[in-house]
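Have a look at the structure below, then the notes.
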Amino acid sequence: MALDSDSDIKQFKIVGTRPPRPDGIDKVTGRARFGADVTAPGMLIGLVLRSPHAHARILGIDTSEAEAMDGVHAVVTRADFAEIEDDDYTADILDNCMAGEKALYDGHAVAAIAASSGAIARKALKRIRVEYEPLPHVTDVDAAMQPDAPVLHQERANETVPPDMGGNVMARYEFGHGDIEAGLNKADRVLERTYRTEATHQGYIEPHACLAQVGPDGQADLWCCTQGQYMVRDTCAAMLGLKQGQLRVTASEIGGGFGGKTTVFLEPLALVLSRKSGRPVKMVMSRAEVLRASGPTSSTSIDVRMGMTKDGRITSAFAELRYQGGAYPGSPVEFGAMSAFAPYELENVKTIGWDVVANRPKQAAYRAPGAPMAAFAVESAIDELARGFGLDPLDVRLKNAAREGTRASHGVTYMAIGLEATVHTAKNHPHWSAPLGPNQGRGVACGFWFNFGGNTCVSLNITPDGTVNVLEGNPDIGGSRASMSMMAAEELGIPYDKVRTVIADTASLGLNDVTDGSRVTFAVGLATIEAARAAKREMCKRAAMVWGIEEDAVMWEDGAARPAGPNAGEYPPMSLAEIAAIASNTGGPIAGHHEVNAEGAGVSFATHMVDAEVDPETGAAKILRYTVFQDAGKAVHPDFVEGQFQGGAVQGIGWALNEEYVYGEDGTLQNAGFLDYRVPVASDLPMIDTVILEIPNPGHPYGVRGVGETSIVPPLAAVANAISAAAGVRMDTIPMSPPRVLLALRSG
Amino acid sequence: MNKIHVTTKINGDPVEYLCDPEDTLLDVLRDQLGMTGSKEGCGTGDCGACSVTVNGRLVCSCLMLGAEASDCEVATIEGMADGENLHPLQKKFIEHAALQCGICTPGILVAARSLLERNPDPTEEEARYWLAGNLCRCTGYDKIIRAVMDAAAEMREAS
Amino acid sequence: MQYLSPDSIEDAVRILSDQANGCHVLAGGTDLLVRLRSGLTEPDVLMDIKRIRELSRITREPNGLRVGAAVSCAEMGEHADLSAAWPGVVEAAGLIGSTQIQGRATIAGNLCNASPAADSVPALVAANGVARVVSAHGVRDVPVEDIPASPGKTSLAAGEFLSSIFLPDQPGRTGDAYLRFIPRTEMDIAVVGCGVALSLDAQGVCTSARIALGAVAPTVVCVPEAAEALVGTPVDDTALARVEEICSAAARPITDKRGTAEFRTHVAGVLARRTAKIAAARAGEKA
């Protein structure tokens, strides 16, 4: 057990158990209210007109005919937004939400309408006349880097980019240490290979939705499904020229995000439409809009050069990563370049990352953004070298494994980490020695994610009857209300069901960073524990007052204030409920709060093992067995930890096998629906076995690390290694759809 | 406008509504009747989040017109619990942590109930194929399938 | 748009002849509602045929089974006689979309969508299915393979609609099967589909066969040469290898988001071989 020195807890009673989640009943009865489930009196329906062109100059937009229609209350274009001069990042988000001079991808918003019904709004959309001048387009990352490629933005590259690079290269990143060439000279074999991955979508089942109301006094309210209500507030306020305090954003229940709801799409449009019409405006994306015009991942192209001795030592490791991040700078290539070799202790290592723009929707985060593609390339290369020498691929990973004190390629020196533990556990698991049948193969791969901390506020209120409310500012995307209630109850020493955690709107707490980087259980948990500690200190003070002894003569234990020692005097313990009941007479209501920009997030590692069978006549691959071994730090609620492991693994399986953005020659998306954007269905999969390892994070009072993201990092490579073993040919392109596998089989 | 007057039964209650010919049953449930438990994840029958039963048969309410529901027995997630008593499937979904975000949960519960009405003792494979039309992006289906199998076992014992 | 739900074929015919081109027939609606929603089709009238009692039944006739145009795929799977006589057709119907889709979708609708990838159509073609077409001018029976004309277009004239599909009885030792290739295990549109029906004599020699391929040409195609390669053989590996070769050669697919032409060409042969083997095994099991 890991507990910091401030703790009065001797052993966890609640953390590590599996109580029911507080929002469970709402979610199994249909009562829970998601983004599209709210209405307001007098509400209008907003719809978006989108570019049918991959790249076009907008010469003019005539909205007059639409505006004249009965039932149409507002039509907006880019002219209705505040221009953002001093912040390129937010200016790009605005341009992505509503095109300015150019439409930069198929589906780019060019106008929006609010009307009294959806039917009228649909008709009105057809009456908006947009004059486009189609321009040449490019959607492939390597093509976008060619010198003669159509250029999306003039003069946007930052100072890291050499002048001879093509006009679509926005930034260059470099990490590493040692001497690559010298290391390669020590190798018994050097592998050079190029790997490619297609863009995928987070595939949350709930489309983006919001309801906005802006009053004539500038006071605005917004209800939306988001991973960060404060991010929505700050971004939208900038776009509308509002003060942040004027806009209150309330996060609805969220139907999945996985990173895709860490930015805005409809929200500023709904606010502007509401401001212009004076009416509440509701907007909901269709699935086709979600796929065409929210934020998928980068597609990538990655060169790896790796040297290995015949006993499995990696002597040198180099990767050059090219990520297109859609139409604006900011692909996660930096994370890719930092994480590529993070699981290994390497003498000579270097990564170069290129951030590239192309005529696709602006990418958004997707679970460990940038890392799965890099891991696919690196873990495939290690596997190929290991198998080439006839070495056990897990032994090779152990031989090169990063451990406490290892200096990672991205420059940090690790504290206690769990990579070796995951590989050891995998090696000793019955899965590793289970027999395989014909056309079957087994693959393994490791993965890494940083985990984040960040700005966090928690308020904890003790009610007069001794129950507790925790107010936190991050949407509950997979059980965090349960985890916070558990940590608060643990720290206060009261039963879990005495605590209710609610998600605050932006007016009710200070700034909370967006739910990303697996930060919530770590950072919000830390703030919850600290808020509980503040409340405990206050309760000890109240008890001291009642007993007439010094404050520091009172301690908290098992849910009650007690005299700290025999010298303090003999008083029966005073429980939280007893102290709460007399709070009015001892100084007033009792609450604790904590505000922090949390540091000390602990990195996490995983090893995945998968068995696949390939039909040699069709190239179809079936996943037969899957086991996740991951270091969670302290697992607060093991069910939800397992759920994160399983969900990440299956998203990775989908990415590996069949999910991809397919663009036509004309640069339009060919598969904008769940029929042809093929996320895994229940019958595609076996059970996903999980092994939770708990190597405590020294940076958290209970040892918590993040768990949500690492689980999507290894599967692309693990599945590729399994399929390559089953098929007898090396697969270097993701997804490994049947036509690709069959082609490799027949030509290899 | 040529609104259609529909009389039908939803979760056992007599219901009347007026709908446009193009309104889907899902539109009617959500926008007119305030029954927002059925979700629209795709509008094309590919995700199953809008699953309901009509005359005992599992369907996507986004692929059926409101007008077609005339004189039917429609059952939605809102009618699954008996007052305060959750259906065994609902209990098992909470017990097994078979939901994360919860957006697909109503549709999966309706679909799973329909499976167990027809086949009280499904194999894991039968459950997986029956539920293949219900996408879940959070769980990887593992805990969902466990919850369904466990609920089936409990319901068999109780009957 | 107007929604009408006649309760007799006569009323339906009258509505259709009054409206001609502006009327869409609504059976299961699982494709039509998607097209309506996306604005791909904007009919004046939607005529729901599910309230016509005789179209909602599977009936035994002296020479075969008749499946009404409003019978859902799920109902087909629950019909014991149909499942025993035509397991391939029933399996094909049971592969159309999800459980939810099968609760609404009909094989008549699947046929009238005229998609080259329609799952039930290769199986129906192999089974020698006959579509009954009704209009103000009367009734005509048309081989199933003559209904689709090109992707999305049927050979039905204005004012006509499809009321049922008839599956004629076959000699005792007849078996049928349908296989399709999809990237996932469910929910996809066929990248290639293959229906086979064949009959064996008492010695196990094939006396007749029909093989149809889906998603390798603008319409579902019958491959008589492949069928001929089976006739007179015990449907052994040599004959099946010929079927594979002929079916791959007969495929004229395109490359699209669902698969490459090369892939479809290869898999058409593989599936034909596998499907014929299942059909032969089924035929052999019959007395």
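Scanning the stretch C:29-40 for residues that are facing chain B (nearest Cβ under 8 Å) and of a type outside the set (S, T, N, Q) turns up C:G29, C:L33, C:V34, C:L36, C:R37. Kindly evaluate C:R53 against the criterion of being more than 23 Å from the chain's Cα centre (by Cα), surrounded by fewer than 17 Cβ atoms within 10 Å (Cβ to Cβ), away from chain B (no Cβ under 12 Å) and touching a residue at least 24 places away in the same chain (Cβ under 8 Å). For C:R53, the condition - more than 23 Å from the chain's Cα centre (by Cα), surrounded by fewer than 17 Cβ atoms within 10 Å (Cβ to Cβ), away from chain B (no Cβ under 12 Å) and touching a residue at least 24 places away in the same chain (Cβ under 8 Å) - is not met.
The single condition among (1) of a type outside the set (F, W, Y); (2) in a helix (DSSP H, G or I); (3) more than 12 Å from chain A (Cβ to nearest Cβ); (4) surrounded by fewer than 22 Cβ atoms within 10 Å (Cβ to Cβ) that B:H5 does not satisfy is (2).
Selection of the stretch A:490-507 for residues being out of contact with any Cys (no Cβ under 9 Å at 6 or more places or on another chain) and of a type outside the set (V, I, T) yields A:E490, A:E491, A:L492, A:G493, A:P495, A:Y496, A:D497, A:K498, A:R500, A:D505, A:A507. Within the stretch A:23-63, the set of residues being touching a residue at least 12 places away in the same chain (Cβ under 8 Å), within 10 Å of chain B (Cβ to nearest Cβ) and in a loop (DSSP other than H, G, I, E, B) comprises A:D23, A:A32, A:R33, A:V38, A:T39.
Restricting to the stretch A:647-668, name every residue that is assigned to a helix (DSSP H, G or I) and within 13 Å of chain B (Cβ to nearest Cβ). Result: A:G647, A:G648, A:A649, A:V650, A:Q651, A:G652, A:I653, A:G654, A:W655. Taking the stretch A:247-272 as the range and being more than 14 Å from chain B (Cβ to nearest Cβ) and small (G, A, S) as the test, only A:A270 passes.
So, A:Q644, is that one buried (at least 22 other Cβ atoms within 10 Å of the Cβ), part of a helix (DSSP H, G or I) and under 22 Å from the mean Cα position of the chain (by Cα) or not? Yes, satisfied. Evaluated against (1) in contact (Cβ under 8 Å) with a residue 12 or more places away in the chain; (2) within 27 Å of the chain's Cα centre (by Cα), A:T413 falls short on exactly one condition, (1). The one condition from (1) crowded, with 24+ Cβ neighbours inside 10 Å; (2) under 26 Å from A:L291 (Cβ atoms); (3) away from every other protein chain (no Cβ under 12 Å) that A:V679 does not meet is (3).
Against the numbered list (1) of a type in the set (A, V, I, L, M, F, W, C); (2) over 21 Å from A:F452 (Cβ atoms); (3) buried (at least 24 other Cβ atoms within 10 Å of the Cβ), A:A342 comes up short only at (2). If you go through the stretch C:88-134 and keep only what is of a type outside the set (D, E, K, R), part of a loop (DSSP other than H, G, I, E, B) and over 11 Å from the mean Cα position of the chain (by Cα), you end up with C:G94, C:L95, C:G97, C:S98, C:G103, C:A105.
Of the helices (runs of 4 or more DSSP H) lying entirely inside the stretch B:86-159, those containing at least 1 residues that are modelled with pLDDT under 95 and more than 21 Å from A:P475 (Cβ to Cβ) are B:142-158. For the stretch C:239-276, filtered to residues that are among the charged types (D, E, K, R), within 13 Å of another protein chain (Cβ to nearest Cβ) and assigned to a helix (DSSP H, G or I), the residue that is nearest to C:Y178 (Cα to Cα) is C:R274. Of the residues making up the stretch A:726-748, those that are at pLDDT 95 or above, surrounded by fewer than 22 Cβ atoms within 10 Å (Cβ to Cβ) and among the small types (G, A, S) are A:G728, A:A744. Here the strands (runs of 3 or more DSSP E) wholly within the stretch A:100-192 that include at least 3 residues being closer than 30 Å to A:F341 by Cα are A:169-177.
Looking across the stretch B:59-84 at every residue that is facing another protein chain (nearest Cβ under 9 Å) and not in a helix (DSSP H, G or I), the one that is surrounded by the most Cβ atoms within 10 Å (Cβ to Cβ) is identified as B:C60. Number of residues in the stretch C:121-131 that are within 16 Å of C:I211 (Cβ to Cβ) and either of a type in the set (S, T, N, Q) or surrounded by fewer than 24 Cβ atoms within 10 Å (Cβ to Cβ) (or both) equals 1. Being away from chain B (no Cβ under 14 Å), modelled with pLDDT under 95 and surrounded by 18 or more Cβ atoms within 10 Å (Cβ to Cβ) is true of A:I84. Scanning the stretch B:28-58 for residues that are surrounded by fewer than 24 Cβ atoms within 10 Å (Cβ to Cβ), under 15 Å from the mean Cα position of the chain (by Cα) and not in a loop (DSSP other than H, G, I, E, B) gives B:R30, B:T53, B:V54, B:R57. Would you confirm whether any residue within the stretch C:186-199 is surrounded by fewer than 22 Cβ atoms within 10 Å (Cβ to Cβ), within 14 Å of chain B (Cβ to nearest Cβ) and out of contact with any Lys or Arg (no Cβ under 7 Å at 6 or more places or on another chain)? So far as the stretch C:186-199 goes, yes, one or more of its residues are surrounded by fewer than 22 Cβ atoms within 10 Å (Cβ to Cβ), within 14 Å of chain B (Cβ to nearest Cβ) and out of contact with any Lys or Arg (no Cβ under 7 Å at 6 or more places or on another chain).
Put simply, of A:T315, A:T262, A:T309, A:T226 the only residue that is crowded, with 24+ Cβ neighbours inside 10 Å and of a type in the set (S, T, N, Q) is A:T226.
Exactly one residue out of C:E78, C:E42 is surrounded by fewer than 16 Cβ atoms within 10 Å (Cβ to Cβ) and closer than 30 Å to C:G284 by Cβ, and it is C:E78.
Number of residues in the stretch A:1-22 that are hydroxyl-bearing (S, T, Y) and either away from chain B (no Cβ under 14 Å) or in contact with a Pro (Cβ under 7 Å, 6 or more places away or on another chain) (or both): the value is 2.
How many residues does the stretch C:232-242 contain that are closer than 13 Å to C:A279 by Cβ and β-branched (V, I, T)? Total satisfying the criteria: 1.
May I ask you to verify whether A:E101 is on the phi < 0 side of the Ramachandran plot and surrounded by fewer than 17 Cβ atoms within 10 Å (Cβ to Cβ)? Here the answer is yes, as A:E101 does meet what is asked. Starting from residues that are part of a loop (DSSP other than H, G, I, E, B) and of a type in the set (G, A, S), keep the ones in the stretch A:465-503 and report whichever is modelled with the lowest pLDDT. Once the filter is applied, the top-ranked residue is A:G478. Of all residues in the stretch B:86-104, those being in contact (Cβ under 8 Å) with a residue 24 or more places away in the chain, closer than 19 Å to B:L115 by Cα and facing chain A (nearest Cβ under 7 Å) number 3. From the residues in the stretch A:517-535 that are surrounded by 24 or more Cβ atoms within 10 Å (Cβ to Cβ) and not hydrophobic (A, V, I, L, M, F, W, C), which one is farthest from A:W556 (Cα to Cα)? So the residue we want is A:G517.
The values are calculated or read from the model by the stated rules, or taken from the named source; none is laboratory data. Model, not experiment: these values are computed from the prediction. Here Cβ is always computed from backbone atoms with ideal geometry, including for glycine, and neighbour counts include all displayed protein chains.
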